[in-house]
Amino acid sequence: MTTVALKDVTKVFRDGTVAVDSINLDVNDGEFLVLLGPSGCGKSTVLRMVAGLEDPTSGAVMLNGEIANDLSPRDRKIAMVFQDFALYPHMSVGDNIAFPLKLAGIEPTPREERVTDVASALGIGDVLPRRPAQLSGGQRQRVAMGRAIVRRPGLFLMDEPLSNLDSGLRAELRAEISGLTRELGVTTMYVTHDQAEALTMADRVAIMRKGVLQDVGTPTQVYNRP
Ligand code: ADP
Ligand code: ADP
């Protein structure tokens, strides 16, 4: 189970930029929450603070009801996918996905079973022996997701994971990502500037503008406000 709560979280960078300004936000267990807003409004900074890659200037990031400000990224049991995902080019697809399990000391047999399950759920079961360079962009993105979720994280963070793909593929992967995270029951925070993505993928949308949270609600609620 994973819940996230931001309590009055503010981030002021060294140069004085107020990237995030007193944000309060709850993400429920198993929920798919989309953080939506224009470029520069502070979405990535929020995600990076939840991940532990950036410290809040003030306020608390809570994970499962506990203050997580001092937890290292490693101890937060999160998985992350960014737009510029980096696969290991010299490893096969299967080895790429298996790598986090290998690091965790999982034995070869359960490792292979888990990799096979994840790969087939992502529709890349037939390309496991290939190298990343032999895949399409969409397949590479699926491998990056597979590698991120293979350890069954409690929390999945995605920052514009589809923005480098063409529109047909984006639509296809939207459905796949939201289907997969729901199937796994993993709590997800998904950053995008794309309204269509927010509308089709989110349980709830949190709309940000200039560091401030403007609105939070289901897609129907936020798009129908006067
Ligand atoms: P978004 O993800 O919505 O595009 P970001 O969270 O990346 O927004 O950035 C929010 C604001 O903070 C922007 O004005 C950005 O230029 C600024 N910013 C981000 N990282 C830093 C940093 N390390 N130092 C100074 N300013 C930063
Ligand atoms: P995004 O595309 O997610 O908005 P950016 O291109 O704004 O991200 O930022 C990319 C990287 O540069 C991030 O690590 C961010 O923290 C950093 N960064 C962004 N703006 C600034 C800034 N004004 N000063 C220093 N670092 C920045």
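Where a number appears in this text, it was derived from the coordinates with a stated rule and is not lab data. Fair warning: this is a prediction, and the values are worked out from it, not measured in the lab. Note: ideal-geometry Cβ built from the backbone for every residue, glycine included; neighbour counts use all protein chains shown.
Odds and ends about this structure:
- Residue count for segment 34-73, restricted to those that are within 13 Å of ligand 1 (Cβ to nearest atom), among the hydroxyl-bearing types (Ser, Thr, Tyr) and closer than 15 Å to SER22 by Cα: 2
- Those strands (runs of 3 or more DSSP E) of segment 1-76 in which 3 or more residues are crowded, with 22+ Cβ neighbours inside 10 Å and touching a strand residue (DSSP E or B) at 6+ places or on another chain (Cβ under 9 Å) occupy 4-12, 18-27, 32-36.
- ASP95 surrounded by 15 or more Cβ atoms within 10 Å (Cβ to Cβ), acidic (Asp, Glu), part of a helix (DSSP H, G or I) and away from ligand 1 (no atom under 16 Å from the Cβ): yes
- A single member of ALA104, ALA86, ALA79 is more than 14 Å from ligand 2 (Cβ to nearest atom), among the small types (Gly, Ala, Ser) and surrounded by 14 or more Cβ atoms within 10 Å (Cβ to Cβ), and it is ALA79.
- If only residues of segment 5-23 that are among the small types (Gly, Ala, Ser) and farther than 14 Å from SER44 by Cβ are counted, the one that is farthest from ligand 1 (Cβ to nearest atom) is ALA5.
- Summed over segment 185-226, residues that are among the small types (Gly, Ala, Ser) and over 25 Å from VAL150 (Cα atoms) total 4.
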